[in-house]
1. Kindly tabulate the residues in the stretch B:58-85 with an accessible-area decrease of at least 20 Å² between the chain alone and the assembly of all protein chains, using a probe of 1.4 Å.
2. State the three equivalent ellipsoid semi-axes of the protein assembly as shown, derived from the C-alpha gyration tensor as the square roots of 5 times its eigenvalues, in descending order and whole Å.
3. With r defined as the distance between the Cβ atoms of A:ALA429 and B:HIS199 and R0 fixed at 25 Å, what FRET efficiency is calculated, to the nearest 0.05?
4. Could you report the buried accessible area between B and A, both sides summed, computed with a 1.4 Å probe and given in Å² to the nearest 100?
5. Would you mind checking A:LYS465/A:LYS567; A:LYS536/A:LYS572; A:LYS324/B:LYS83; A:LYS573/A:LYS594; A:LYS52/A:LYS167; A:LYS567/A:LYS588 for any pair whose Cα atoms are more than 20 angstrom apart?
6. Give me the aspartates and glutamates in straight-line cross-link reach of B:LYS9: C-alpha distance below 14 Å, same-chain residues under 8 apart excluded.
7. Would you calculate a helix-derived [θ] at 222 nm for the protein assembly as shown, using -39,500 (n - 2.57) for each DSSP H run of n ≥ 4 and dividing by the full residue count, to the nearest 500?
8. Quick one: how many Å² of A:ARG616 are accessible to a 1.4 Å probe, rounded to 10?
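The values are calculated or read from the model by the stated rules, or taken from the named source; none is laboratory data. All values reported here derive from a predicted model rather than from experimental measurement. Cβ atoms come from the backbone with ideal geometry, glycine included; neighbour counts cover every protein chain shown. The area values use the complete protein model at the heavy-atom level, side chains included, leaving out ligands, DNA and RNA. Shrake-Rupley method; radii C 1.70, N 1.55, O 1.52, S 1.80 Å.
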Amino acid sequence: MFRSYLKTIFRNISGSRVYFFINVAGLCIGFTIFTLIMLYVLNELSYDTFNKKADRIYRVVELQKSPEGQVQRVAITMPALAPALKREFPEIESTARFVLWPTVLCHYRERRFYEDGLAFADSSIFDIFTFHFVEGNPSTALNGTDDIVIDQTTARKYFGDTDPIGKFIYIDANIRQGAFQVTGVIRDFPENSHLSFNMIASIRTLERGLHIFNGWADNDVVTYILLRKGAGHDIVQRNLPTFLKSRLPENLWKGLELYLQPLEDVHLFSGQILYQINHNIGSIENVRLFTLIALFVIFLACINFINLTTARSAIRAREVGIRKLLGSYHSHLIYQFIGESIVVAIFAFMLSLPVVEAILPTFNSMMRDRIVVSYDNQLPFLLGIFLIAIAVGLIAGVYPAFYLSSVRPAELLKGRYASSKRGIFLRKALITLQFSIAVGLVTATSIIVGQMNYFSSEPLGFNGKNLMYIPLRDVQSRSKIPLVSERLIMDPNVIAVSAGELTGSGGTQREVSILGKDGWSRRIVRESFDDYGYAKTMGMRMVEGRYFSRDHPSDSLAVIVNETMIKAFGLKKPIGKEIQTANGSIYKVIGVIKDFNYFSLRNKIDPLVMWLAPNRCQYLLVRVSKKDVKSTINLVQKTWNTLLPNHPFEYGFLHSYLSARYGSERESEHLLILFSLVAVLVACLGLFGLTMHTTEQRIKEIGIRKVLGASVTDVVFMLSRETIWLVLTASVIAWPVTYYFMNRWLNGFAYRISLTLFPFLFSGLLVFMIAMLTLSFQAMSAGLSNPSEALRYE
Amino acid sequence: MIRLYNLKKVYRTDQVETIAIANANLRIDPGEFVAITGPSGSGKTTLLTILGLLDNPTEGQYYFLGEDVSKLSEKRRADLRRKNIGFVFQNFNLINQLTVYENIELPLLHIGVASLQRKQMVMAVMDKLRITTRRNHYPQQLSGGQQQRVAVARAVVGNQKLILADEPTGNLDSRNGEEVMELLGKLNEDGATVVMVTHSTEYASWANRIVQLFDGHVTNENILEGMRSVSELS
């Protein structure tokens, strides 16, 4: 019996290849997109789960409220917090602190490298997190001052094949210049770890070097806690305010809250948290968005399947009737049709595997190589997708199965089985839904593209083009700023040279006070440490007063502020006003600079204070001419190498740095464009199939109409009229929904485009045109056909 | 074999109620060859549908092989159908995706006949109906007469006791029509009960009894005295 069903399935398929192709192609595209997105999503969800005690680990996050009600979350906490928490709370089994150090120059004999993955940490990290020691003993590895544990890649880089244990790496870490003894080698951090370091040195080094390090005054460390088995984190969370009150003076605990963030949330739920040490930060919004898209595409393919199968049911109805007549049970026929759709789904799934394999590298690079997705050794994953394929087959097959198997055999005798009027309404509703999704995705995409273009065209308040930056990693390199500048400016291709902060970085923040009419008013502002000529090199404009100048020796006690700062403090005549810092130093305002985007376009411009501080400048900035950029880079490198032979040369261009800052939006943008096109394609595949079917069904009608004098245009119009209505209805459904969600998305940006009619009309029109293109091919051929041929079917 | 008592079949659409069969009483005994005739819309096909257990009557009783089947579930009807009833249609109703052999084999698959025996039964019936050479052909590759022979083969392959034929000659030329009638007659001689719906008085005369329908009523039952014997003709 089963074989007989199987035979009809396969012979049916070979008898209607186009429809089979449409079903398989749609599902294959669906599975491909689904598999790719699931690889990405599972990778995002897998962050930090490899830690054996992951369910008991929490990061302590600090919530700071300013008197004006501004809230910011920071991942850095007071150094004394961790030991105190452990003493105070019996629920806490262990605590650990990390400090990520800025890039340092390290060397072992003649091997010198800049390292940006150096952290200082408590030895308890080995109890809390899961590390794989290749050499060394985790319980003693970070016990002593100047102990260091390195990963395998770093071990090979410095020591080659020799045993690193007991050897010394020299690190120039400002506060502690000296030799660190290698006490352990660990396996490289897995890609799905939010912590990722090449070197971990004992935090005791810092405790000795910085006397204030054990206090409550500053936020320097990232704190993690490990709860005892069975202990609830809510008990700890509830008692944290009391704990803070008992530890801190009132001016510090006021406006301060602590909360425990589960380790497994750190990667995806930290978008709003500042000063993190995550090696990359994921976004739960993206995970949700892409999962939704994956489901959409599969859903669209399912709709195609349901529509085509039910539309063509008249053709299958005969077979069903005969089988029932000969005594087949209703249930057997349901199994047959569900089986058939499962066969199609499995076939599509098998086809999608090589397609995924082929697309994977491109997909990876589109995701900026951040995600290591591969399905080598991913049998459970593939099995999961396979089961989903079967489920999709089941879902897509259930309705057609019940629909088809409900044919009553008595109708066979009466010759009425050819009627396919049933289900037409459902079919139209499903197509409308498909096009709604397509219109929605295209609208969303064009709005995202609009917002991204707005970013790149929005005046930033400075000129980011042809601006080269070279990081200044230490005191020695900063001391050479005047000399390097002097040499470089001699070259005609170098337009200006200075040093300072990189726009887009956001710099650091501090609290300052200004004396106004109503006494001192205090505020947290951003700050930037810059050299003479910074404003000119960056192409920034002064609104009032002047910039720092060598002609005014007193400028070391002067500041420049931005327009927002003036507004925030309500200053009428800012020049000459005095600004006081927390340690009591007083600076005079000598100029107001035009607002420029210092942090991110996602945020509003904050009040900013610029200090003249060549010894704290983070970057050397070189404005180069457009001509012969390559040789200018060579010149800068040569000059650098001559003056700082022990410092490897690194450089970048500001505009690339800035565009990388919007990487996650760019990523979403590219993928959304791709996916919405795919969605439209899948929807059109279905439309193509249905039109083909309708045209086949109406071939006699078309013939008669032509005999009676209908023109090609009449026939094309007759066949496309319905689609016009469907796309219009779909657009009307999709527009408000998309408007709601995209408006919410845009509200996440301080500087956003306003929503016009354009993206909505554009997407409706685009989808309509694609649908018409799909239709017209068949409508035209039907219109052009010889009516006698059509009527011969009689 | 078949007893109908006051059988009624009513079709209801939104507002219209159509009485397809009104108070029909009928008895058909094993081994009979009955022709049902009547003008279009007189309820011939509806009657056949009910006799074939494809539909339940609205009122009245239908006894098939001594069992009241007027209110059976579709599943029970399917069971009775597959074991006892063979169908032959005007438009053959073969499954286009299956070969001649596979089409004939289908009822045996439903009954659950073992593979070897199934093969023997199919071969025997194909041999009897002279279609063995066509065994691997698909229905579309056969002439109308050949297709109807396959349909007849399918109707009798499981030794069904009752053959229901709905205008079996309607789509055939006279030569092929004669041939099919001969086949039905032969099957009747071999013991099968045949009930045939037909427009044609000529083909009706092959039966030994004619049941006439008009507007859903059984108006006349003629026992044909000079019933033609198949053996006589062949």
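1. For the stretch B:58-85, once contacts with the other chains are taken into account, B:GLU74, B:LYS75, B:ALA78, B:ARG81, B:ARG82 lose 20 Å² or more.
2. Details: eigenvalues 1446, 207, 137 Å².
Over the Cα atoms of the protein assembly as shown, the ellipsoid semi-axes are 85, 32, 26 Å.
3. On the way: r = 44 Å, r/R0 = 1.75.
That gives a FRET efficiency of 0.05.
4. On the way: alone 11430 and 37400 Å², together 46230 Å².
Between B and A, the summed buried area is about 2600 Å².
5. On the way: A:LYS465/A:LYS567 29 Å; A:LYS536/A:LYS572 26 Å; A:LYS324/B:LYS83 13 Å; A:LYS573/A:LYS594 15 Å; A:LYS52/A:LYS167 31 Å; A:LYS567/A:LYS588 17 Å.
Violating the 20 Å Cα-Cα cut-off are A:LYS465/A:LYS567; A:LYS536/A:LYS572; A:LYS52/A:LYS167.
6. Within the straight-line cut-off, B:LYS9 pairs with B:GLU17, B:ASP55, B:GLU59, B:ASP215.
7. Numbers: 33 runs with 474 residues, N = 1028.
My calculation for the protein assembly as shown gives -15000 deg cm²/dmol from helical runs alone.
8. Its heavy atoms expose roughly 120 Å² to the probe.
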